[in-house]
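**Q** The structure's right below; bear with me while I get my questions together.
The values are calculated or read from the model by the stated rules, or taken from the named source; none is laboratory data. From a predicted model like this one, the values you see are computed outputs, not experimental measurements. Positions of Cβ are generated from backbone atoms using ideal geometry, with glycine treated the same way; all protein chains shown enter the neighbour counts. In case anyone asks, the SASA skips ligands and DNA or RNA and just uses the protein heavy atoms, side chains included. Shrake-Rupley method; radii C 1.70, N 1.55, O 1.52, S 1.80 Å.
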Amino acid sequence: MSFTLRKLLAAALGTLTLAAGSVASAADRLVIAATPVPHAEILEFVKPMLAKEGVELEIKVFTDYVQPSMQTNEKRVDGNFFLHQPYLDEFKKKQKNDIQTVVTKVHVEPLGAYSGKHKAVADIPEGGTVAIPNDPSNSGRALLLMAKNGLITLKDPNNISATQKDIAENPKKLKIRELEAATLPRILNQVDLAVINTNYAIEAKLNPLKDSLFIEDASSPYANLLVAHEESATSEAMKKLAAALNSPEVKQFIADKYQGAVVPAF
């Protein structure tokens with residue numbers, strides 16, 4: 001075999017090796033969509049843990065509740081970390097091409113009610129304005145929380161899909177406005193009460209345990225989930241991410257950083 005031919009064969013083998021390595025690297029890389037707090041923060045915490053196991057984690061941060069699921073459906077990301085089961089169920093009803101699969105539960109963010117005008121529920125005036133999230137799963141959740149704290153009565157107090165049409169009694173004649181969840185902290189001083197998701201409350205420097213007038217307890221069924229599209233859900237990399245998110249280290253991180261405002265669900 002000539003020297004030139006040996007060089008060509010060696011180069012070809014090297015190219016094949018690099019290509020194989022690239023495929024292996026791609027298989028060990030995850031792109032996860034998440035909202036900033038606490039989801040992206042928790043993912044940043046586990047990033048070094050995954051790197052030690054050969055998994056490169058890229059976190060794409062979104063400030064809304066639509067794009068993370070849409071991009072998972074479109075396979076532009078491997079999965080997302082921001083939603084709970086009722087939200088996922090509602091999303092699946094609306095999307096004809098939904099392919100999202102629950103990988104694991106991670107934590108609960110108790111929904112809380114806040115006011116920039118009043119110190120107690122009793123101070124909320126007749127005809128006052130209450131702002132709640134406008135996505136169906138969280139609006140129903142907000143109505144349940146309001147009912148549990150005596151502001152309204154629902155026809156079915158256990159209906160997580162309740163709408164304003166399901167209100168049986170509204171003794172204070174409260175005006176309930178449904179707005180995008182991310183905007184609620186910004187209008188806190190314009191309404192008498194706002195029911196805010198904990199991730200947005202924390203971003204707005206509100207302390208859910210100290211600043212809320214009332215808040216869900218740890219028994220809330222709204223655990224936040226790691227979700228993946230069907231092709232990524234059973235990959236080894238996704239399994240490693242799920243294990244990291246359910247690890248003792250993450251449980252301690254949540255306890256230390258969020259001081260009860262976020263509760264582990266594992």
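**Q** With VAL102, VAL130, VAL106 as the choices, which residue is buried (at least 21 other Cβ atoms within 10 Å of the Cβ) and farther than 27 Å from PRO171 by Cβ?
**A** Result of the check over VAL102, VAL130, VAL106: VAL106.
**Q** Just to verify a result, which residue in the stretch 39-66, among those that are open to solvent by 10 Å² or more (accessible area, probe 1.4 Å) and among the β-branched types (Val, Ile, Thr), is farthest from GLU180 (Cα to Cα)?
**A** Here the answer is ILE59.
So that you can scan it fast, the table gives a plain yes or no per residue for (1) surrounded by 13 or more Cβ atoms within 10 Å (Cβ to Cβ); (2) assigned to a loop (DSSP other than H, G, I, E, B):
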position: SER161; (1), (2): yes, yes
position: GLU178; (1), (2): yes, no
position: ILE187; (1), (2): yes, no
position: ASP217; (1), (2): no, yes
position: ALA233; (1), (2): yes, yes
position: ALA237; (1), (2): yes, no
position: ALA244; (1), (2): yes, no
position: ALA261; (1), (2): yes, yes
position: PHE266; (1), (2): yes, yes
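**Q** Here is a follow-up. Quick check on this structure: which one of LYS172, LYS119 is surrounded by fewer than 14 Cβ atoms within 10 Å (Cβ to Cβ) and over 18 Å from PRO38 (Cα atoms)?
**A** LYS119
**Q** Further question: Identify the single condition in (1) under 16 Å from VAL31 (Cβ atoms); (2) not in a loop (DSSP other than H, G, I, E, B) that ASP256 does not satisfy, given that it satisfies every other one.
**A** (1)
**Q** Got at least one residue in the stretch 143-159 being open to solvent by less than 60 Å² (accessible area, probe 1.4 Å) and either under 20 Å from VAL66 (Cβ atoms) or touching a His at 6+ places or on another chain (Cβ under 8 Å) (or both)?
**A** Scanning the stretch 143-159, I find no residue that is open to solvent by less than 60 Å² (accessible area, probe 1.4 Å) and either under 20 Å from VAL66 (Cβ atoms) or touching a His at 6+ places or on another chain (Cβ under 8 Å) (or both), so the answer is no.
**Q** Name the residue that is nearest to the chain's Cα centre (by Cα), counting only residues in the stretch 195-215 that are under 23 Å from LEU88 (Cα atoms) and part of a strand (DSSP E or B).
**A** Among those that are under 23 Å from LEU88 (Cα atoms) and part of a strand (DSSP E or B), it is ILE196.
**Q** Still on this structure, please answer the following. On the basis of being under 17 Å from the mean Cα position of the chain (by Cα) and basic (Lys, Arg), does LYS60 make the cut?
**A** So LYS60 passes the test.
**Q** To continue, here is another question. Which count do you get for residues in the stretch 81-94 that are in contact (Cβ under 8 Å) with a residue 24 or more places away in the chain and either under 19 Å from GLU236 (Cβ atoms) or more than 11 Å from the chain's Cα centre (by Cα) (or both)?
**A** Within the stretch 81-94, the subset in contact (Cβ under 8 Å) with a residue 24 or more places away in the chain is 81-90.
Subset that is either under 19 Å from GLU236 (Cβ atoms) or more than 11 Å from the chain's Cα centre (by Cα) (or both): 81, 86, 89-90.
So the answer is 4.
**Q** Mind listing whichever residues of the stretch 221-231 are open to solvent by less than 60 Å² (accessible area, probe 1.4 Å) and within 17 Å of LYS105 (Cβ to Cβ)? It would help to see each step written out before you state the result.
**A** The first filter runs over the stretch 221-231 and keeps only residues open to solvent by less than 60 Å² (accessible area, probe 1.4 Å), leaving 222-229.
Scanning the stretch 221-231 gives TYR222, ALA223, ASN224, LEU225, LEU226, VAL227, ALA228.
**Q** If you don't mind, another one. Does LYS210 count as on the phi > 0 side of the Ramachandran plot and free of Cβ contacts under 8 Å to residues at least 24 places away in the same chain?
**A** When the stated conditions are applied, LYS210 does not pass them.
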